[in-house]
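Single-structure report; data block below.
The values are calculated or read from the model by the stated rules, or taken from the named source; none is laboratory data. Note that the coordinates shown come from a computational prediction; the quantities given were computed from them, not determined experimentally. Positions of Cβ are backbone-derived with ideal geometry, glycine not excepted, and every protein chain shown enters the neighbour counts.
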Amino acid sequence: MRFVHTADWHLGKRLLGHPLIDDQAYALDQIERLCVEEKADALVIAGDVFDRSVPPVEAVTLLDDFFERMVRRARIPVVAIAGNHDSPERLGFGRSLLEGAGVHMRTTFGDRMVPIEVPGVGGVLEFVTLPYLEPEVVRAATGDAEVTTHDAALRRALADVPPRADPDRFRVLVAHAFCVGGIESPDSERPLMVGGAGYVHPSAFKGFDYVALGHLHRPQRVAGRDHIRYAGSLLKYAIEEHNHPKGVAVVEIVAGPKAPLVTTREVTLAPKRDLVRLEGTFDELSSGERFTEHEGDYVAVTYTDATYVLQAAERLRGRFPYLLEAMPKRVRRVQDDETPGEDRPDQPRELLEAFWSYLGIDHDLEEAHRVAFERAWLMAKKEDA
């Protein structure tokens, strides 16, 4: 049996003001083709289907079109759960009708009690679904006052799941959670809870042949275990992810002499527009041939000039229409190190010009701005003295 594990689509997301709906549609086309080429028995979406609880119309339309193609044209069933970005009620709308068509949308705590059965030539896949759950939801549903963390909530939820209907079936858990040992992308993932209360331990997943996780945007296995895996996000959703490949996991489960044998293969998706970080002098960035290949990409720029370049972002947008930011290297160095360096600007006018350039404001500093900022600067210096 074979299925494609995906997660964290975040349909409708914008990247620093740039709508990503066309990029997401481009990626979904590849997923559909991959499912067909691999003769997949199912497609899994492990949460965060949408980026917001109230998704934009174009995101809903894109998902509707994709589901129709998957179940009517490709005839491949879909198993999807709600993540922490999704509204369970909205994502679950029409679920009874969708279920009959082959789209299994699971969004509530009670859904875990009814595994989804997907038969195929090589056996039967049995999907247990666990959408994102707040501890208080599980505590209220079960009356268990001990459920105060995400780990306790997940363990309590799984404790009631009925055993396999047939020991020869392949059991897969689809969940949206933050596993201990997982590597985050803080700029694009919403924290589940402060401190360590938001973590779940991989030991909670005993009894499953494969665990299809969502929430962390970097594709990875958990605690060195190949059968517990994050598929990663559909696209690069933050500048910090510029060097993270994005894709899906193709999972195959076959009967073994003692236990099912699981193999996974990561497949990278080709983005419509890549997200890259470029560094060079302002002249190189604005007109040099070195960066020509990235003119159609999402670009974060660091210029290395010794002096600040006014209106840097606005001037670079003529070449890079999908520019995300333009920052001088000395400011970038302080930001990345989180400690002040000797190149940090210490004059109010220089600081204001750097901030103006970082924001990409498209007009010169007016004298009134300079005077007001310098006055505030002097007052702050007096208070610190």
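Overview of results
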| item | result |
| --- | --- |
| Meets criteria (assigned by TED's automatic domain parsing to the domain that holds Ala212 and modelled with pLDDT of 95 or more) for Gly94 | no |
| Residue count, region 223-272 (criterion: in a strand (DSSP E or B) and in contact with a Phe, Trp or Tyr (Cβ under 7 Å, 6 or more places away or on another chain)) | 5 |
| Members of region 1-29 found to be assigned to a helix (DSSP H, G or I) and not hydrophobic (A, V, I, L, M, F, W, C), listed by number | Asp22, Asp23, Gln24, Tyr26, Asp29 |
| Search result, residues across region 2-56 that are modelled with pLDDT under 95 and crowded, with 22+ Cβ neighbours inside 10 Å | none |
| Selection count where residues are crowded, with 18+ Cβ neighbours inside 10 Å and on the phi > 0 side of the Ramachandran plot, scope region 221-246 | 1 |
| Boolean, Arg112 is surrounded by 20 or more Cβ atoms within 10 Å (Cβ to Cβ) and modelled with pLDDT under 95 | yes |
| Residues that are part of a strand (DSSP E or B), without any contact (Cβ under 8 Å) to a residue 40 or more places away in the chain and more than 25 Å from the chain's Cα centre (by Cα), drawn from region 273-315 | Gly280, Tyr303 |
| Inter-residue pairs, beta-carbon under 8 Å, first more than 19 Å from Ala255 (Cα to Cα) and in region 114-131, second surrounded by fewer than 14 Cβ atoms within 10 Å (Cβ to Cβ), 6+ apart | Pro115/Pro162; Pro115/Ala165 |
| Residue check for Pro202: surrounded by fewer than 17 Cβ atoms within 10 Å (Cβ to Cβ) and modelled with pLDDT under 95 | no |
| Contacts under 6 angstrom Cβ, first residue in region 42-59 being touching a residue at least 60 places away in the same chain (Cβ under 8 Å), partner acidic (Asp, Glu) and surrounded by 23 or more Cβ atoms within 10 Å (Cβ to Cβ), 6 or more apart | Asp48/Asp8 |
